[in-house]
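Just so it is clear, none of the values below were taken in a lab; they were calculated from the coordinates. Just so you know, these numbers come straight off a predicted model, no measurement behind them. We place every Cβ from the backbone using ideal geometry, glycine too, and count neighbours over all the protein chains shown.
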Amino acid sequence: MSKLTLKTEGDTHVVVTRRFVAPPEIVYRAHTDPKLLQKWLLGPEGWTMPVCINEARPGGKIRYEWTNGKGGGFHLTGEYLELEPYSRIVHVERMHLPNPTPDNHIETRFDADGTGTLMTMRMTLPDAQTRAAMLATGMERGMEASYVRLEGLI
Amino acid sequence: MNGSLKLDAAFSALADPTRRAILARLAKGEATVMELAAPFEMTQPAISQHLKVLESAGLVVRRVEGTKRPRHIAKGGIEAMDQWLAMLRKALERNYDRLDEVLATMEQPRRREKR
């Protein structure tokens with residue numbers, strides 16, 4: 001089954017959906033427990049997340065630091081706004097590349113889908129230009145494609 | 001990283017609703033600036049300005065036909081964006097594939113007793 005969808009919505013949103021076999025409680029925990037996040041939120045092969053701060057409460061801080069072990073790395077900071085275990089998380093985040101990108105406001109829903117979960121992540125960027133930049137470059141690093149040589153694509 | 005810059009320009013170009021509408025119109029076939037301006041209630045210079053942005057982003061190309069300069073969609077540019085989005089999906093999918101493995105090792109929540 002093709003599980004992931006990624007699409008733009010309106011001028012400022014990006015919506016990602018993904019289905020999981022596990023129920024919402026488990027998927028929610030894997031999104032808020034630092035030890036678990038360090039196992040999967042990693043990017044390309046060879047990248048690790050040596051620093052993972054995730055204070056899962058309203059106002060709690062988020063800080064993820066990634067490294068490729070060869071001197072390459074970047075980090076992300078954010079804050080939690082709302083948490084409804086085990087169905088909904090609202091937070092803001094920004095990438096430091098090294099300058100901070102404009103805030104990305106993200107609502108993540110975990111809805112029961114049979115015995116599994118449908119996750120819907122709705123990102124809201126401040127404006128259309130920022131979304132464009134994120135899709136073209138920010139996600140390139142943040143979503144782990146930095147090592148792909150673009151020249152071959154164009 | 002020319003390619004990256006061009007993609008950046010392409011996504012920026014698409015951030016404008018008028019430019020998206022122009023592209024949608026051109027997807028149906030070639031059109032001149034005059035033809036493009038008609039449905040948008042915009043002046044030709046304004047449309048030309050939008051076309052310039054789309055052209056430098058590699059999404060639209062012009063053809064010379066006598067005194068006319070009909071524009072059409074640049075297939076390569078659109079395909080590059082498609083490929084890019086497909087790659088982003090794939091990149092994200094790698095994280096979530098790993099998450100699937102993590103989930104499989106986690107304890108299931110206690111099931112309701114009633115069956």
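Under 18 Å Cα-Cα from B:LYS52, which lysines qualify once same-chain neighbours fewer than 8 residues away are excluded?
The qualifying lysines are B:LYS6, B:LYS68, B:LYS75.
Looking at the square roots a ≥ b ≥ c of the eigenvalues of the Cα gyration tensor of chain A, which shape do they give, rounded for a/c under 1.5, prolate if a/b is larger than b/c, or oblate? Provide the component values of the computation, followed by the final result.
Values: a/c = 1.37, a/b = 1.25, b/c = 1.10.
Note, shape of chain A comes out rounded.
Counting helices only, and only those DSSP H runs with n ≥ 4, report the 222 nm mean residue ellipticity of chain B as the sum of -39,500 (n - 2.57) divided by its residues, in deg cm²/dmol to the nearest 500.
Computed mean residue ellipticity for chain B: -21500 deg cm²/dmol.
Can you tell me how segment B:2-105 classifies by the Cα gyration tensor, rounded, prolate or oblate, using a/c under 1.5 as the rounded cut?
Details: a/c = 3.31, a/b = 2.77, b/c = 1.20.
Prolate, because a/c is 1.5 or more and a/b exceeds b/c.
Considering amide H positions built from the backbone, and no H for Pro or chain starts, which residues 5 or more places from A:ASP113, or on another chain, come under 5 Å of its amide H?
A:LEU118
Just flag the trypsin sites (Lys or Arg not before Pro) in segment A:43-107 sitting in loop per DSSP whose Cβ has no more than 10 other Cβ atoms within 10 Å.
On the way: sites: A:LYS61, A:ARG63, A:LYS70, A:ARG88, A:ARG94; in loops: A:LYS70.
For trypsin sites (Lys or Arg not before Pro) across segment A:43-107 that sit outside H, G, I, E and B with at most 10 neighbouring Cβ atoms in 10 Å, the list reads A:LYS70.
Along segment B:33-41, what does the Karplus equation 6.51 cos²θ - 1.76 cosθ + 1.60 (θ = phi - 60°) give for ³J(HN,Hα), rounded to whole Hz, x for Gly and Pro?
In residue order, the calculated couplings are 4, 4, 5, 6, 5, 3, x, 9, 6 Hz.
Out of residues 5 or more away from A:ALA22 or on other chains, whose amide H comes under 5 Å of its own, with H placed 1.01 Å from N in the peptide plane?
Hits under the 5 Å cutoff: A:THR117.
Could you work out [θ]222 nm for chain A from helices alone, using -39500 (n - 2.57) per DSSP H run of at least four and dividing by all its residues? Round to the nearest 500 deg cm²/dmol.
Numbers: 4 runs with 26 residues, N = 154.
After summing the helix terms and dividing by the residues of chain A, the value is -4000 deg cm²/dmol.
Please identify the GluC sites (Glu not before Pro) of segment B:36-95 that satisfy two criteria: DSSP loop assignment and at most 11 other Cβ atoms within 10 Å. Which are they? Mind dumping the intermediate values first?
Details: sites: B:GLU41, B:GLU55, B:GLU65, B:GLU79, B:GLU93; in loops: B:GLU41.
Qualifying residues, ordered by number: B:GLU41.
Which of the lysines could a cross-linker span from A:LYS61 if the Cα-Cα distance has to be under 22 Å and same-chain partners fewer than 8 positions apart are dropped?
A:LYS35, A:LYS39
With just the Cα atoms defining each centre, how far is segment B:68-90 from segment A:12-63? Give it in Å.
The two parts, judged by their Cα centres, are 32 Å apart.
Counting only residues 5 or more places away or on other chains, whose amide H sits under 5 Å from the amide H of A:VAL51 once H atoms are built in the peptide plane?
Correct list: A:GLU65.
State whether the protein assembly as shown is rounded, prolate or oblate according to the following rule on the C-alpha gyration tensor (a ≥ b ≥ c being the square roots of its eigenvalues): a/c under 1.5 gives rounded; otherwise a/b larger than b/c gives prolate, and the remaining case gives oblate. Each step should come with its number before you reach the end.
Working: a/c = 2.41, a/b = 2.01, b/c = 1.20.
Since a/c reaches 1.5 and a/b is larger than b/c, the shape of the protein assembly as shown is classed as prolate.
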